[in-house]
Structure formats: structure tokens, C-alpha cells
Amino acid sequence: MRTALLVVDVQQSFTARRYFRWEAATAFLERQNALIAGAVARGVPVVRIFHVDAPDDAANQPFTHASGLIRPLEGLMPFAEALTIEKTRHSALAGTPLAIWLRERGIGRVIVSGIRTEQCCETTTRHASDEGFQVDYVTEATLTFDMATPTGGTLTAAQITERTATVLAGRFATLCTVEEALARAA
């Protein structure tokens, strides 16, 4: 089955958020770059996805073009993307031509990676599964950050990642390491 790698929202915009931590991003980037390099070596098309909000006003958010931050995250390896998508919703398939592009190329499986684990990566995974694609979710090539709960507690990034893996596994996706996803794409 033909496979494509989705690199979701690995963009400089996140560095402007107060929760962003380079120490967390370093390990993520190592695994994300290994996944990209492996996909490129195997001829797997790599789709770059950026999240862009409107209006295009630098005061709005770091996710606008006016911010100058809609560009690859520092440390992400350069690669020739097969397609670049700008999305305005959590799912990379909502309101974009991605599903059509994948189907036109006979792609039936997607590998999901990127930022944030429980938001755009999880939502894209669920949507892709609902659209009939097989999904390999590479938890080690996703990144998230600690979050405050509505009751004043804290969920750590590790807890959020475990929760995401739990709800996706066997229902919406196959959980894979970088090496497993690349082997399945061969």
C-alpha cells in the first residue's frame, strides 16, 4: 500500500508560546528528522502542513503570516516536500485538498507526526481514519507540552502523550516507532 508522511505543524510559531520548551523539542526533532530522512530515502512522499490563523495581523497570533513565524521549526531538517498545505483547522484534512491529493496518488496509508500530539496530530489521525486511510501514528515523532487542567491540576506532556496513544491505538491508528513506520512504508 502506498504511504505518505504527514509533518503536521512543525513550525516556528510554537516558539512564541509561553509553554514551548526547547529541551522537549530537541528529542522530538531528532526522531522527526529520522522519520523524514527515512521517508525520503524510501521515496515516500512527505507532506508539510502549516497551521495558519486569520486575520493576518501580527498582533493576532504567532500563527499568522504577518508574524513571520509560518516557517519550519529551527532544527527541522530541510526536505523537498511533495505538497505543502496550509490549514486553518485542527485536522489537516478539514478544508484542504489533502484527502483528494492522497487519493489521486493511490495513497492508502498515512504516517502522522508533528506538533501537538493531542491536538492537530490526534485530530488529523481520527479524521484520516474516518476517511478510510490506514494511519500509522508515530508518538515519538510528535511533541506536546504540559497543560493545566480545568480543576487547577497539571497534565504532563508524558501523560498527554500516553492518553493520546491510548485512545488512538487499535481504533484509529497503529502506534509505531519511527523504524516500524518506515518498515511498514517500504
Determine whether Gly106 is on the phi > 0 side of the Ramachandran plot and touching a residue at least 60 places away in the same chain (Cβ under 8 Å).
yes
So, Ala186, is that one of a type in the set (A, V, I, L, M) and surrounded by 14 or more Cβ atoms within 10 Å (Cβ to Cβ) or not?
no
Give the residue that is nearest to Thr96 (Cα to Cα), with candidates limited to residues of segment 5-31 that are polar (S, T, N, Q) and out of contact with any strand residue (DSSP E or B) (no Cβ under 8 Å at 6 or more places or on another chain).
Thr15
For Ala141, indicate whether it is surrounded by 19 or more Cβ atoms within 10 Å (Cβ to Cβ), within 21 Å of Arg42 (Cα to Cα) and either small (Gly, Ala, Ser) or over 13 Å from the mean Cα position of the chain (by Cα) (or both).
yes
Please find, among Glu180, Glu74, Glu122, the residue that is more than 18 Å from Val40 (Cβ to Cβ), out of contact with any Gly (no Cβ under 9 Å at 6 or more places or on another chain), not aliphatic (A, V, I, L, M) and not in a loop (DSSP other than H, G, I, E, B).
Glu122
Cβ contacts < 8 Å: first residue under 18 Å from Tyr19 (Cα atoms), restricted to segment 117-145; second residue of a type in the set (Lys, Arg) and part of a helix (DSSP H, G or I), any location; separation 6+ or different chain. Result?
Glu118/Arg163
Please verify whether Thr64 is of a type in the set (Ser, Thr, Tyr), crowded, with 16+ Cβ neighbours inside 10 Å and either within 14 Å of Gly114 (Cβ to Cβ) or more than 15 Å from the chain's Cα centre (by Cα) (or both), treating the condition exactly as stated.
yes
Within segment 1-24, considering residues that are of a type outside the set (A, V, I, L, M) and touching a helix residue (DSSP H, G or I) at 6+ places or on another chain (Cβ under 6 Å), the one farthest from Ile107 (Cα to Cα)
Phe20
On the given criteria, is Val47 β-branched (Val, Ile, Thr), closer than 26 Å to Gly132 by Cα and in a strand (DSSP E or B)?
yes
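We did not get these values from a lab; they are worked out from the coordinates using the rules stated. From a predicted model like this one, the values you see are computed outputs, not experimental measurements. Heads up, the Cβs are rebuilt from the backbone with ideal geometry, glycines too, and the neighbour counts pull from every protein chain shown.
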